[in-house]
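Student: The following block contains the structure, expressed as structure tokens.
The values are calculated or read from the model by the stated rules, or taken from the named source; none is laboratory data. Computed from a prediction, not measured in an experiment: that's the story for all the values here. Methodologically, a virtual Cβ is constructed for each residue, glycine included, from the backbone with ideal geometry; neighbour enumeration extends over all protein chains shown.
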Amino acid sequence: MARILGSLSASHVPSIGGAIARGLQQDPYWKPFFDGFHPAQKWLEEQKPDVAVVFSNDHGLNFFLDKMPTFAIGAAPVYSSADEGWGIPVNDAWPGITPLSWHIANHVVAEEFDPVICQEMLIDHAVCLPLACFFEKNGTVKARPVRIVPIGINTVQLPVPSLKRCFEFGRAIGRAIESYPEDLKVVLIGTGGLSHQLEGERAGHLNKEFDKYCMDCLASSHPEQLEKVSTLELIEKAGTAGLEFMNWMTMRGALIGEVHEVSRAYHIPISNTAAAVQVLEAMPRLAQAAE
Ligand code: DHB
Ligand code: FE
């Protein structure tokens with residue numbers, strides 16, 4: 001059976017792509033950010049996952065404001081990137097794993113979720129850059145050590161799903177992965193956040209205290225306590241683009257059972273964003289009560 005090893009989460013600011021392309025990992029502005037990935041890279045070298053299920057929000061490559069699915073599941077053989085207009089290099093493609101994508105899709109629909117299933121899907125900076133930071137070791141390794149299943153969550157345009165709904169969708173995905181018959185090692189990746197707002201009067205808004213609270217809750221035995229944070233409260237506390245925390249919440253839903261926090265990094269700011277990296281390892285479930 002497939003086994004979930006743990007989760008990796010990271011912010012996905014586009015300028016990270018420019019920093020990788022220019023080799024700025026040791027630059028004083030960037031060093032604290034890139035150093036935050038070292039424990040995750042070490043953990044990945046030990047764990048050697050086969051597959052990454054990546055929870056993120058599309059920024060316009062697949063869906064625009066006129067057609068915005070609440071939840072999307074990638075079921076493509078390969079995921080290419082494209083020019084998003086940020087002036088950063090276009091990333092190489094990542095391979096998919098369509099049997100697992102369809103298994104997840106069938107399972108979550110049977111659990112009464114209604115995602116759009118995408119047999120063609122582009123991946124933007126929200127998928128490519130965290131994958132590069134976790135797997136490419138300073139952008140120098142171009143091998144693709146994992147196949148991916150991208151999961152899209154509408155964090156962009158109201159109405160967005162509640163944190164409760166995201167968590168429960170994640171739970172269904174976690175159950176789907178754990179019921180996949182092949183012996184695959186799966187890592188979950190949540191991208192975006194933490195607090196940031198890119199437009200309007202509150203552009204530049206950051207909230208260190210709330211970000212810490214969110215990461216503490218995710219690392220605890222009761223991440224569902226975050227369900228009490230309403231969408232408007234999340235916008236108020238974390239900023240409009242801070243809604244991307246919904247990706248982390250969905251990811252944590254899929255990480256069923258107790259977790260051990262392997263590492264955490266938090267650096268303010270990268271561009272307009274409170275940049276964070278968190279690694280949670282799934283604890284053996286034998287002694288735990290059934291879900
Ligand atoms: C920035 C952050 C994002 O999450 C994003 O998608 C685009 C830009 C930023 O801080 O510049
Ligand atoms: Fe974003």
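Student: Tell me, yes or no, whether the stretch 102-125 has at least one residue that is within 15 Å of ligand 2 (Cβ to nearest atom), at pLDDT 95 or above and in contact with a helix residue (DSSP H, G or I) (Cβ under 8 Å, 6 or more places away or on another chain).
Tutor: Yes, there is a match, as at least one residue in the stretch 102-125 is within 15 Å of ligand 2 (Cβ to nearest atom), at pLDDT 95 or above and in contact with a helix residue (DSSP H, G or I) (Cβ under 8 Å, 6 or more places away or on another chain).
Student: Does any residue in the stretch 190-219 that is free of Cβ contacts under 8 Å to residues at least 12 places away in the same chain come within less than 8 Å, Cβ to Cβ, of a residue that is within 16 Å of ligand 2 (Cβ to nearest atom) and not in a loop (DSSP other than H, G, I, E, B) six or more places away or on a different chain, and which pairs are these?
Tutor: Listed by first residue and then by second, the contacts come to nothing, as the list is empty.
Student: Condition first: away from ligand 2 (no atom under 16 Å from the Cβ) and closer than 21 Å to LEU5 by Cβ. Can you find one or more residues in the stretch 193-212 that meet it?
Tutor: Looking for residues that are away from ligand 2 (no atom under 16 Å from the Cβ) and closer than 21 Å to LEU5 by Cβ, one finds none in the stretch 193-212, hence no.
Student: Restricting attention to the stretch 19-60, and to residues there that are of a type in the set (D, E, K, R) and in contact (Cβ under 8 Å) with a residue 12 or more places away in the chain, which single residue is nearest to ALA276 (Cα to Cα)?
Tutor: So the residue we want is ASP35.
Student: Return the only residue of VAL279, VAL262 being assigned to a strand (DSSP E or B), in contact (Cβ under 8 Å) with a residue 24 or more places away in the chain and buried (at least 22 other Cβ atoms within 10 Å of the Cβ).
Tutor: Answer to the check: VAL279.
Student: Of the conditions (1) over 21 Å from ILE256 (Cβ atoms); (2) outside any loop (DSSP other than H, G, I, E, B); (3) within 17 Å of the chain's Cα centre (by Cα); (4) within 16 Å of ligand 2 (Cβ to nearest atom), VAL54 fails just one. Which one is it?
Tutor: Going through the list (1) over 21 Å from ILE256 (Cβ atoms); (2) outside any loop (DSSP other than H, G, I, E, B); (3) within 17 Å of the chain's Cα centre (by Cα); (4) within 16 Å of ligand 2 (Cβ to nearest atom), VAL54 breaks only (1).
Student: Look at VAL160 and say whether it is within 16 Å of ligand 2 (Cβ to nearest atom) and either modelled with pLDDT of 95 or more or in contact with a helix residue (DSSP H, G or I) (Cβ under 6 Å, 6 or more places away or on another chain) (or both).
Tutor: When the stated conditions are applied, VAL160 passes them.
Let's see how each residue does on (1) more than 23 Å from LEU255 (Cβ to Cβ); (2) touching a Leu at 6+ places or on another chain (Cβ under 7 Å); (3) at pLDDT 95 or above:
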residue	(1), (2), (3)
PHE37	no, no, yes
GLU45	no, no, yes
PRO49	no, yes, yes
ASN57	no, no, yes
ASN62	yes, yes, yes
ILE73	no, no, yes
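Student: Among what's in the stretch 72-88 and is of a type in the set (Ser, Thr, Tyr) and more than 15 Å from VAL149 (Cβ to Cβ), pick the residue that is surrounded by the most Cβ atoms within 10 Å (Cβ to Cβ).
Tutor: SER81
Student: If you don't mind, another one. Take the conditions in contact with a helix residue (DSSP H, G or I) (Cβ under 8 Å, 6 or more places away or on another chain), of a type in the set (Ser, Thr, Tyr) and either away from ligand 1 (no atom under 16 Å from the Cβ) or closer than 28 Å to ASP50 by Cβ (or both) and apply them to SER81. Does it pass?
Tutor: Judged against the criteria, SER81 is a match.
Student: Across the stretch 1-18, which residue is nearest to the chain's Cα centre (by Cα) among those that are of a type in the set (Gly, Ala, Ser) and either surrounded by fewer than 23 Cβ atoms within 10 Å (Cβ to Cβ) or at positive phi (or both)?
Tutor: Among them, the one singled out is GLY6.
Student: Scan the stretch 57-81 residue by residue and report those that are small (Gly, Ala, Ser), within 16 Å of ligand 2 (Cβ to nearest atom) and not in a strand (DSSP E or B).
Tutor: GLY60, SER81
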